[in-house]
Each structure stands twice: as C-alpha cells, then as structure tokens.
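Peer 1: Before anything else, here's the structure in question.
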Amino acid sequence: MSGTFVGMPAFPTAARAALGNTQLRRNLAHATHTIRDKRAQVVGEVEEWEALRLAGAGVKEAALRDLATHLETLEESLIRAGAVVHWARDAEEACEIVAQVAKSHQVDEVVKVKSMATLEIGLNDHLEREGIAAWETDLAELIVQLGDDLPSHILVPAIHRNRAEIREIFRTRMAASGRPAPDDLSDDPAALAGAAREHMREKFLRAKVAVSGANFAVADTGTLVVVESEGNGRMCLTLPEVLISVVGIEKVVATWSDLDPMLRLLPRSSTGERMNPYTSTWSGVHPGDGPQEVHVVLLDNGRTRALADDVGRQALRCIRCSACLNVCPVYERTGGHAYGSVYPGPIGAILNPLLKGVSDEQTASLPYASSLCGACFEVCPVRIDIPSVLVDQRAAVVDSHRDDRRPKAEAVAMKAAAWAFSDSRRLAWAERASGLAGRVMSRFSRTTLPGGRAAAGRLPGPAAGWTGARDLPAPPEESFRAWWDRTDGGQFGEGR
Amino acid sequence: MTSARDEILRRVRSALDGVSPAVAVPPAPRAPDRGDLVALFVERVEDYRAEVTRCTPAELDGLVAEVLNGAQAVVPPGLGLDVAGSVVDHGLTSIELDGIDAVVTRAAVGIAETGTIVLDHQPDQGRRVISLVPDLHVCIVDSSQVVADVPDAIALLDPARPLTWISGPSATSDIELDRVEGVHGPRTLHVVVVA
Ligand code: SF4
C-alpha cells in the first residue's frame, strides 16, 4: 500500500472534503446504521449487559494497572510454549524485527491478517522497501490495497466503496499481483467474494510466512487470540511455516478465564453478532499442527505514554470493536479518512493524541472532532469514558499553545465570553447584539439546519476555522432573559 | 545499551508509579437458565445459516453419507466413524487438501447461547488445516457436549491446545454490508447433533 496517513491535513480541512463526497456519506450512513441496529438487537438480548460491561472494563483495567507483571508473565509463558518473544519500543523497531524474521527465511512475500497494530506501524510500506510484498488477505483490506487506498473504518475498511467500484478495482488490479479476476465478473457481492477467494487461495497455499496481530494475549497461558469472520485469519495462522504476531502491550489480559467477558462483549459490540464466525487461539508452537516457528513482537509505540496519563489510561482498554464509530454523529458524516489515522472515530480522537502527543496540528485537531454527545461512552463495551478524555485532551492541546504569541481565536472568544458573562449589563448588551445578528442571519442565510433554524455557512475571518466544517446556528432573535422580562417567565403566553 | 525489553518495562513501571494495581474486577454475570440447551444450540446454529441435523447414534453414518452426497471427504485419524471413500489425514499437504471437497470432524464443545462449536483439534478432529481448506465442513457434536454459554466453554477448554471457535460458515459483510457466506473458510457448515 503506498497510501499513508502521514501528511494528512488537520481534521476540519479533511472533514470538509469528505462532507462534499455524497457517495461516501451515503455509504457511511447506510453502514453505520445497519451495524448499529444489529448491535442494539444482540446487546438487548443479554439481560445483564451492564454487568458484563463492568466485568470487561474490570478485566482490562486490572491488566493495565499491573502491566509490567503481566508482560513478564506473558513473556515467560510464550517462551515456555516455544515462541520467540521480541520487544519493540517504536514502529521502526517493530518493522525491523518483522523484516529480519522474514528475510531469514529468504521470502519475498508474506500474507497478512488484518491488524490495527501492523497498520499503525506502517509495516506494509516498510516491508515493501525491503523488497518483501505484504499481502492483505481480508476482503476489505484487499479492496483497499488493490485500490491503493486507505481504510476508512476499523471493521469495514472499504465501507467507502460501492460494489461497482469494487468490481472495477478487481478487474483492473488483481492481475498485477496474482490470479486475475474472471473476465465476466459481475458486481454481485457473492461473485466479488468468490473472485477474492480464488485470488487469495493461491497466495495462502504458497505463503511461507504470515503476519498477524492479536485481539487478546493471555499472560498466564501464553495464548494469543484472533477474532475474525472470513477465515483468512485461520489461513494465515495455520498454513504458513512461520507466524509473526505484532501485539500491542495493552492487549494483555491476566488469565485464561478473563477471556470470558471479552469474548462475549466483542462480537456483539462489533459486528452485532452473538459470536463472530471464527475465533482462533494458539499458545506458542503446537507440534504437528500449524506454524512450527512462532514469533511474538510486543509493541510499545506510545502506549506507555498513554499509560502514564491518569485520565487517558482507560483508552488502552479499547478492544477495537468500533461500536463508538457507528454511533458517532461526526464520524457518520465525515468517515474515517478525515481523522488521518488508522484509529478513526471517537476512539481515534483520544487514542492518537494519547499515543503521539499533541505537538502536530493534525493530531491536535482530533480532540475537537466531537460534539461530546456521549453516545460513544454508552456503547463502549469496556466503558471508556471518551467524552471525559476528549475534554482532558482539549486541555492538553490548549496547554501546548500556552506560549504562543498570537492567541488562538478560541482563546479570544473564551476571554470575551468570560468578560460578558461576568457582568449582567454587559451580558444584556451582548444578547441584544446577538439577537440582531440572529435576525440578520434568518433573513439572509442560505443554510438551514434541520428543524428550520437558519445557519451561517462559512464565516470569514477568525471564525472560518470553526464554520468551515460546521454550520453555525443563527443566534435566536430574542434571548432567554429578554423573553423572561417581556413575558414574566412565560406567564403571559408567548405574546408574539 | 538497554534492551528494548528493559526499556519498555521501565517505561511501564514509571507510567504506573503511584497507581494502585488493585482493581476490583466484578465477576462476569451468567446468562439465565434457558431450558433445553440442545434445542437452543440447534436454533442458534441455524441462525448463522448453517445447516443442522439431529440424529441418533445408529443413524449417524447413514446421515453423514447423505450430507456428503458423494463428495470426497478428508477425515481425522481418530474420527471413529466409517466414511465411504474418505481419505484419512496423515499429514496431507495444503495443496492436496485443496483438491478435496469436504471434511468430517467431531468437536470438543458446543455453546448453546451463541450457537458455536469449538474444536480443540484432538485426534477425532484433526489438524487445524483439514477443517479449513475443504469447502464443506461436516461437524459432529454429541448432545452431551453442549454447554450453556461462553464461560462454561472456557472452563472446559485447555488453552495449551490450539482452539478454533466456529459460529456458522465463513462470512463477510465487506461489500456494502451485504452478508456473503464463504470467503476463505468452508462455505458450507453442516452440524450434526447426535443424541
Ligand atoms: S473505544 Fe470502546 S466502543 Fe470504541 S472501539 Fe474501543 S472498545 Fe469499542
């Protein structure tokens, strides 16, 4: 994949571009609503869902708070089970380890099962530079890879592509990397899936080395777990001789029985199924069955940075179910690309700044990509309080600008608000001015919000940053205080 | 030079400096009693668009032959059932397996609540690869193997073994969220419940 997220514009700019793409918006709305409904149905079936969430959050929180102990135990268990354990401080180090193992087997290709961690570290690009082709094997990732594109959703990375586009990608691109798509390929999803099956089967059968991630890593047994739907994971975990798994250090749970709440929470929250089609677990090398050389790369890459953040630490509980994306009103409209990261949506808006810090403009814009409506917290199976972390990260962004010479428009606005709110006469004046603006906007604005309220489109000047990607509702023509005075608290009816 | 290992563990310890490791982990709740587990299991497996047939032990070999309908099957060495025309797996290559239509295995556990079968790849189930490459998977589950929910299965299963949890046939919803059965794994899953 040549596309990377590096150099992405900040969220508001990218979001404006995405908002202009009606096809994308339609696909996203359809997808998020479908998954959302399915999830609600299977979650509703579990009488004690809230208790299950508490258990899941507890398992992950406990693992995080004693992470060093669990990591050492995990390492010990893995080695005992015949695996080779590597540690990687950052993306570069992790990529280097994977490349070295692959090279030691003289291969020029590896097969991959979808993994957020390997996407995060840019493994495919790195391997490509080393002359090793990394084949994504998940249908959606295949679509993304062949289309030279970027994934837009954790769970359905090709959600922004419709069937006609997919057919076109398969017909024009498959031949260059293996078995071509049949000439008479239709845009029927079953036919498209069939073409992917044939194309990938050839690669699975010849691959010597596979790369995976893991959804969970069980410390006391050295067991890795991969949760999937298509069977490409099983192929990668079973057929090749060598398996390399890149596992974020936050994937650890303490004991085998800790998997219970997690395996009940994840599929229902994620694809809206009682259970996903396939879950594979393995503990090191199993003689006579599957890969006989097993490597595990334990990855930091900013996780210890997030771990040190008392408010943000909980973000590391995330099990990448993507439920928060599907309920997010911002995500639904902009899609994943606008977040400029492999972790989009509400979780991305907190995880990226926590992992990387807020020194670059792109990452610093993410905590603002939210209306703080709280829907994400409500659906999160491990109870990550995303809104609180967002607010805290906004504070971190503001702190990082403390020494700027030119104050940000937001800081100016807040100062002005503080000045106006601190005195009732000033407030009354400000309200009259605002009411006037509201009447002017109602007259002249070309944008209307749902419900018929007038709105400003893009405002010029310092407010452009805010209104570039948002419609600013016109201020009401009468303030609450003026209305109260006029009607004596509504006692005399609306009177207007 | 410190190793990456020591450096990461040091960072973890310093990140958690002053953070109490004690967290009360509430026990995961159990699903309420749902009555006839085998009936629930059958219903939930069918929900995934898998085929399910119930039979008695005496009917088993006839039924398996019927389901295979002449397709050639690979069987694990310890299946304990005669399947006409089958190939016993003693280390077939993946390429050889790719030429075989079907596979017949037993299972380790069935989970009623989620309609899941779990294979722990003992000799009656065989290596992981044999239940993966052929396009039709016939899986025989004894009704005594059916448990209520995920925690019961976790308690019975041995993590030292490789495990494959199967809930319906391979599926994808990657194209406009239309569910399609079968991308890489077996496109047809037929579960036979013996009681
Ligand atoms: S933050 Fe919660 S809801 Fe969002 S992906 Fe992670 S686990 Fe799922």
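Peer 1: Residues of the range B:13-42 that become at least 40 Å² less accessible with every protein chain present than in their own chain isolated, using 1.4 Å: which are they?
Peer 2: SASA drop of 40 Å² or more in the range B:13-42: B:R13, B:A15, B:L16, B:V19, B:P21, B:V23, B:V25, B:P26, B:A28, B:P29.
Peer 1: Tally up the carbon and sulfur contribution to the accessible surface of the range B:32-194 as a whole percent, 1.4 Å probe, everything protein left in place.
Peer 2: On the way: 2730 of 5770 Å².
Reported share for carbon and sulfur atoms: 47 percent.
Peer 1: For the ranges A:299-305, B:30-36, A:113-119, what's the packing order if you count other beta-carbon atoms within 10 Å of each residue, average per peptide, and put the highest first? Numbers along the way, then the final one.
Peer 2: Details: A:299-305: 23.1, B:30-36: 11.7, A:113-119: 24.9.
In descending order of packing, they fall as A:113-119, A:299-305, B:30-36.
Peer 1: In the full protein assembly as shown, how much of A:V391 is accessible to a 1.4 Å probe, in Å² to the nearest 10?
Peer 2: A:V391 exposes around 80 Å² with every protein chain in place.
Peer 1: Shifting gears a bit: With every protein chain kept in the model, how would you rank A:T137, A:T34 by accessible area, 1.4 Å probe, largest at the top?
Peer 2: Details: A:T137 0, A:T34 45 Å².
These residues rank, largest area first, as A:T34, A:T137.
Peer 1: Over chain B, what is the relative contact order in percent, taking alpha-carbon pairs closer than 8 angstrom and at least six residues apart? Could the numbers behind the result be given before it?
Peer 2: Working: 350 pairs, mean separation 48.0, N = 195.
Once divided by the residue count of chain B, the mean separation gives 25 percent.
Peer 1: Then there is this: Buried by at least 50 Å² relative to the chain on its own: which residues of the range A:175-203 qualify, computing accessible area with a 1.4 Å probe on protein heavy atoms?
Peer 2: Buried by the other chains: A:P189, A:R197, A:R201.
Peer 1: Now for a separate question. Excluding ligands, DNA and RNA, what is the solvent-accessible area per residue of the range B:1-92 at a probe of 1.4 Å, expressed in Å²?
Peer 2: Working: 5300 Å² over 92 residues.
I get 58 Å² per residue for this part.
Peer 1: Expressed as a whole number of Å, what is the distance separating the alpha-carbon centroids of the range B:130-174 and the range A:217-293?
Peer 2: Measuring centre to centre over Cα atoms gives 13 Å.
Peer 1: What accessible area per residue comes out for the range A:317-410, rounded to a whole number of Å², with a 1.4 Å probe?
Peer 2: Numbers: 3500 Å² over 94 residues.
Value returned for the range A:317-410: 37 Å² of accessible area per residue.
Peer 1: Using a 1.4 angstrom probe with every protein chain in place, what is the largest-first accessible-area order of A:R53, A:R163? Could you put the intermediate results ahead of the total?
Peer 2: Numbers: A:R53 10, A:R163 65 Å².
The residues order as A:R163, A:R53, largest area first.
Peer 1: If you don't mind, there's one more thing I want to ask. In the range A:11-304, carbon and sulfur make up what percent of the accessible area (probe 1.4 Å)? Walk me through the numbers on the way to the answer.
Peer 2: Working: 4510 of 9210 Å².
That fraction is 49 percent.
Peer 1: Counting only helical runs of four or more DSSP H residues, what would the 222 nm mean residue ellipticity of chain B come to if each run contributes -39,500 (n - 2.57) and the total is spread over all its residues?
Peer 2: -6500 deg cm²/dmol
Peer 1: From other protein chains only, count the Cβ atoms within 10 Å of every residue's Cβ in A:89-98, then give the mean. Write down the numbers at each step before the final one.
Peer 2: Working: counts 7, 1, 0, 0, 1, 1, 0, 0, 1, 0.
Taking all residues of A:89-98 together, the mean is 1.
Peer 1: Provide a whole-number value for the mean count of partner chain Cβ atoms within 10 Å of the Cβ atoms in peptide A:56-65.
Peer 2: Across the residues of A:56-65, the mean count of other-chain Cβ atoms within 10 Å is 4.
Peer 1: A further question on this structure: At 1.4 Å probe radius, can you tell me the per residue accessible area of the range A:93-154 in Å²? Don't jump to the answer; show the numbers that get you there.
Peer 2: Details: 1840 Å² over 62 residues.
Value returned for the range A:93-154: 30 Å² of accessible area per residue.
Peer 1: Sticking with this one: Taking all protein chains together and a probe of 1.4 Å, list A:D183, B:D61, A:D125, A:D310 from the most accessible to the least accessible.
Peer 2: Values: A:D183 140, B:D61 80, A:D125 35, A:D310 115 Å².
So, going from the largest accessible area down, we get A:D183, A:D310, B:D61, A:D125.
Peer 1: Counting only DSSP beta bridges with both residues in chain B, what percent are antiparallel, rounded to the nearest 5? Please report the intermediate quantities before stating the final value.
Peer 2: Values: 8 of 31 bridges.
Around 25 percent antiparallel, to the nearest 5.
Peer 1: Turning to a different aspect of this structure: Once you average over the residues of B:2-11, how many Cβ atoms of partner chains fall within 10 Å of each Cβ?
Peer 2: Numbers: counts 1, 2, 12, 9, 1, 4, 13, 10, 2, 9.
That average works out to 6.
Peer 1: Estimate for me the total accessible surface buried between chains A and B (protein heavy atoms, probe 1.4 Å, no ligands or nucleic acids), in Å² to the nearest 100.
Peer 2: On the way: alone 23390 and 11370 Å², together 27850 Å².
Adding both sides of the contact gives about 6900 Å².
The values are calculated or read from the model by the stated rules, or taken from the named source; none is laboratory data. Keep in mind that this is a model prediction, so the values were computed, not measured. Counting neighbours? That spans all protein chains shown, and the Cβs are built from the backbone with ideal geometry, glycine included. We work out accessible area using only protein heavy atoms, side chains counted, and drop any ligands, DNA or RNA first. Shrake-Rupley method; radii C 1.70, N 1.55, O 1.52, S 1.80 Å.
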